[in-house]
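First comes the structure, then the notes that go with it.
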Amino acid sequence: MKDFYRQALHKKFIAGIVFSVLFVVGIPCIPIGFSFGLIPVGVAGIIFTVVGFYGTPLVWTMYGNARANLGVYCLITEDGVKDIDRIAATLNVDAKKTLAQVNYLINKRYLRGYLLDGMKLVAIEKENNEALNKCPNCGATLTLEGNVFHCPYCGGRFNAR
């Protein structure tokens, strides 16, 4: 199985580099383009500078947040740690923040094959992964209560297969 999270992280890193380069290239293109009558170069410089100025911080912030979630992702997928409190203690962060990171990873479908049962991750069978990861009524992430999956938003209950 492909490592989707690392691929997404890599794409965000490349996007950060591209936006940074656009900003740096755009600034000298403005005076060079308009000084020598190269209007398309000057206009491209303005566009590159604006896109780089506003886009660079956004892309690098997204990359930083994704990089922060990588530790949680690796502890779950590579080390097999399923307890939220243990993950939080290992990374020396707050359990609520760790729970939010795990929810993010599950909701974005980077972390497949798991459901949250309170403060623990429960592995679900691969064949049931697609059907039981999301509530068929509202699309929320299901939690496991005994042998029944429960939707915290609409109240739906579904038997575990």
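The numbers here are math on the coordinates, done by the rules we state, and not lab data. Fair warning: this is a prediction, and the values are worked out from it, not measured in the lab. In this analysis, Cβ positions are derived from the backbone assuming ideal geometry, glycine residues included, and neighbour counts consider all displayed protein chains.
Quick notes on this one:
- Estimated FRET transfer efficiency (Asn65, Asp117; beta-carbon r; R0 35 Å; 0.05): 0.85
- Taking every alpha-carbon pair under 8 Å whose residues sit at least 6 apart, region 1-157 reaches a relative contact order of 14 percent.
- Local electrostatic count at Asn103 - Lys and Arg +1, Asp and Glu -1, tallied over other residues with Cβ under 11 Å: +3
- Computed FRET value (nearest 0.05) for Arg6 with Ala89, which takes r as the C-beta separation and R₀ as 30 Å: 0.80
- Tilt relative to the chain, helix 39-77 - C-alpha long axis, 0 to 90 degrees, to 10: 20 degrees
- Computed from the Cβ-Cβ distance with R0 of 41 Å, the FRET efficiency linking Val18 to Phe158 stands at 0.40.
- Total lysine pairs under 16 Å (Cα atoms) in the chain, excluding pairs fewer than 8 apart on one chain: 12
- For the chain, the calculated P(r), taken from all Cα-Cα distances in 10 Å bins from zero up to the bin holding the longest distance, is 10, 28, 24, 15, 12, 8, 2, 0 percent.
- Once both labels are positioned 7 Å from their Cα atoms along Cα-to-Cβ, the gap between Val50 and Leu38 label points is 2.1 nm.
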